[in-house]
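Report on the structure given below.
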Amino acid sequence: MGTQAKLVVESPFFNVSPNIVSTLDSNSKFSHRSSLRFQAMTTRRRVSLSTVAATTTTTPPVPPPPPIQDEQRKPPDLQSLMRRFWKVAVPYWSSDDKVQARLQLAAVFALTLGTTGISVGFSFLGRDFYNALANKDQEQFTKQLLYYLAGFAGGIPFFVLRDYAREKLSLRWRSWMTSYYMERYLKNKTFYKIQSQSTIDNPDQRIVDDLSSFTGTALSFSLTLFNAAIDLISFSNILFGIYPPLFGVLLAYSLGGTALSVFLGKGLVSLNFLQEKKEADFRYGLVRVRENAESIAFYGGEENEMQLLLSRFRSAFENLNKLLISSRNLDFFTSGYRYLIQILPAAVVAPMYFSGKIEFGVINQSVSAFNHILGDFSLIVYQFQALSAFSAVIDRLGEFDDVLDSNSKKGDQDSKEKIQLNFCLISSSNGLHSNGSMPLSKRVKLLHVEHLTVQTPSEATLIKDLSFEIFEKDHLLAECNNSLWLRDLLKVTGPSGSGKTSLLRVVAGLWSFGNGAITVYVRPRGDLEMLHSSDVVSQQVTSTNETIGDSTGRRNSEGVIFLPQKPYMVLGTLRQQLLYPTWTKDSDNLSDDAKQSDSLSFLMRARDARCVNERSKKPTSEDLLQVLNDVSLGHLLSRFDGLDSTHEWSSVLSLGEQQRLAFGRLLLSKPTLALLDESTSALDEANEARLYQLIQAAGITYISIGHRRTLYKYHKKVLHVSTADSTSTLQNWSFKDVEEDPIYDFLKQ
Ligand SMILES: Nc1ncnc2c1ncn2[C@@H]1O[C@H](COP(=O)(O)OP(=O)(O)OP(=O)(O)O)[C@@H](O)[C@H]1O
């Protein structure tokens, strides 16, 4: 539970008298103020757990978020808070939606101006109404009553429309921000880096809750400031007209109040920040129980989970307790401050009334004007809790924004010091005979690893100075009819923890810790305009202008596919499982309702041209059925009602079935290079053999990690990595042909 700033708009019609207010608006303690105000309220966070779940099911499995810490977190200073606010708030107003955004903002401000005008009008109506009442002038009283009713009828639409327009704009802003943040979060594998390096906590919560809170509160707060400025101008005249010293009392009262409330509530910002984090940690713990239900049940780990969850909840609870105590102390002050103003102006002008200098209605008008102006001067006092919650939101979003920015910049700046990963395009026509066959003297390089040193994020060296190349066609062996021999199919072996998976992570672009260079050559697919071709002749690759992407920029991701031991099952149908990730659900599948909704224009961003081209090649249902049969999963169709049924696939399929499904994806995508990390570990030998034969027949070159000896049969070369010795500078790897390995002879027998 966090403290969220929520805007409450009070009626201008009830500001005529505090007495009337208390009867008409029993929900609001201080509804005699006619301006906008925030109300700090405790809300239950409505977080879509699926959002959080999506981050937890990304493969390869990623470690949990960092343990709860930051207890001593210092509140941000005003300058960095302002800088962060500006950085987070500004992009939308100069985005591609800026015309609509500015128009809507202007409309909201115009309506706010209208409502302030109406409030001023009602202040005069109130004066005459009470004068008529005090003078027992029934005719005048009836007339004023009718004016009041007419004023209600004319004024109410302004207030309702102002709130509606503001909420709509806030939703539009949030939609844009959500897609803007998600785009940067999912770009350049930032989500993976944030999670695996524990850069910041709970990014999902920042996207869901903090963005919603930020847009709503920023807009409301801007309007409150605007409203306060207008109120100040309009009601200062009235107050001066009544009794100038009252203005002096007001200034002294509000400045003193502001200073005291800042002093009393200074700890609230960091407490609010921590509250957000602790709530998110607790929710994340629950999501992990759901995601790992079977493992926990097998282990019988309920008691442990209970302890862990309770400790997280306790931490949130303790912080909330501190937050409540701080709020209570501040409330003592603000309540006194608010109640006193109900009698203060009357007490100041009462002597004038008793001496007959002013009428009774003027007392009411001075109370109303005093409240308005004091409200404007006392924004910090009234809104301190909401402002402290808002500061925490700004701080969290600003931090997130900085991380997202630094991630894209880091890629450019540090690229020289890190592992260079480049993707180049192989021209399919180059090097081929006119009949399309590959001349024996030519072979296609798919992967070139040069002086690669792989390190962990904590800079422990795993592999030292590794260099090798992978070719698709070996001219010496091309005459052999066995397709196995047409490609360098590499098996990586080595003791546990030596860095086998890390090597694949580096090739797939997930890690770039260490140094050296990797070039991956992929076949053309999709938009040729965006991709350059490279001539591949013998082992010489022309290097000018051939790079199509790198580990930080856009890359031809379908060229390389990584298959982890536990495949990632997307939320959706069986069809979507098979088409993932090459053909994802796109705007074609959106419902008509969704297409009609204007806010969805940001949510239906055009996918890049590559994907548009891919649509034409999208496999048909027949293709999918064929692949399912090939990987021995044909029975799923009858068991789960066809290709378009939706289930929690990671729960209803066995690990072996999930691994076969992942191979089905591979067969459909036909990547140039597949990285298989123990991706058949749950299968029997017959199924494993079948899958390897299928991907060989499909012409996919692969590098695989696997501990089973039988896997040697499906590889041509073996890279053995031994555990790195930190005291030695020697290489810790060796290469050999599979035939040279004694195991191979043993398997042949
Ligand atoms: N995010 C990380 N931060 C720090 N160290 C890590 C991280 N991920 C992995 N490591 C460490 O890197 C080393 C190599 O891990 P890797 O997963 O590559 O080993 P592996 O050879 O594939 O092991 P196994 O055969 O057991 O799967 C391990 O000691 C591991 O603890």
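Within this structure, L628 passes the test of being in contact with a Gly (Cβ under 7 Å, 6 or more places away or on another chain), in a helix (DSSP H, G or I) and among the aliphatic types (A, V, I, L, M). Identify the residue in the range 494-520 that is part of a helix (DSSP H, G or I) and hydrophobic (A, V, I, L, M, F, W, C) and, among all such residues, is nearest to N188 (Cα to Cα). Checking each candidate, the answer is A508.
For the range 631-656, residues that are in a helix (DSSP H, G or I) and surrounded by 20 or more Cβ atoms within 10 Å (Cβ to Cβ) total 2. The criterion of being assigned by TED's automatic domain parsing to the domain that holds G121, surrounded by fewer than 18 Cβ atoms within 10 Å (Cβ to Cβ) and in a helix (DSSP H, G or I) holds for L310.
Only one entry of S512, S483, S496 meets the criterion of being surrounded by fewer than 20 Cβ atoms within 10 Å (Cβ to Cβ) and either within 16 Å of the ligand (Cβ to nearest atom) or at pLDDT 85 or above (or both), and that entry is S496. Taking the criterion of being surrounded by 20 or more Cβ atoms within 10 Å (Cβ to Cβ) and within 14 Å of the ligand (Cβ to nearest atom), the residues of the range 694-731 that qualify are I703, S704, I705, G706, L711, L719, V721, A724.
For the range 448-471, the candidate set comprises residues that are among the aliphatic types (A, V, I, L, M), part of a strand (DSSP E or B) and within 10 Å of the ligand (Cβ to nearest atom); within that set, the residue that is farthest from A724 (Cα to Cα) is V454. Checking S236, S222, S198 one by one, the residue that is surrounded by fewer than 20 Cβ atoms within 10 Å (Cβ to Cβ) and not in a helix (DSSP H, G or I) is S198 and no other.
Among the numbered conditions (1) loosely packed, with under 14 Cβ neighbours inside 10 Å; (2) modelled with pLDDT of 90 or more; (3) not β-branched (V, I, T), the only one that A153 does not meet is (2).
Residue-level analysis places E678 among those that are over 27 Å from T620 (Cβ atoms), within 16 Å of the ligand (Cβ to nearest atom), of a type outside the set (G, A, S) and not assigned by TED's automatic domain parsing to the domain that holds S295.
The values are calculated or read from the model by the stated rules, or taken from the named source; none is laboratory data. As the structure is a prediction and not an experimental result, all values here were calculated from the model. When we count neighbours, we look across all protein chains shown, and the Cβ atoms used for this are built from the backbone with ideal geometry, even at glycine.
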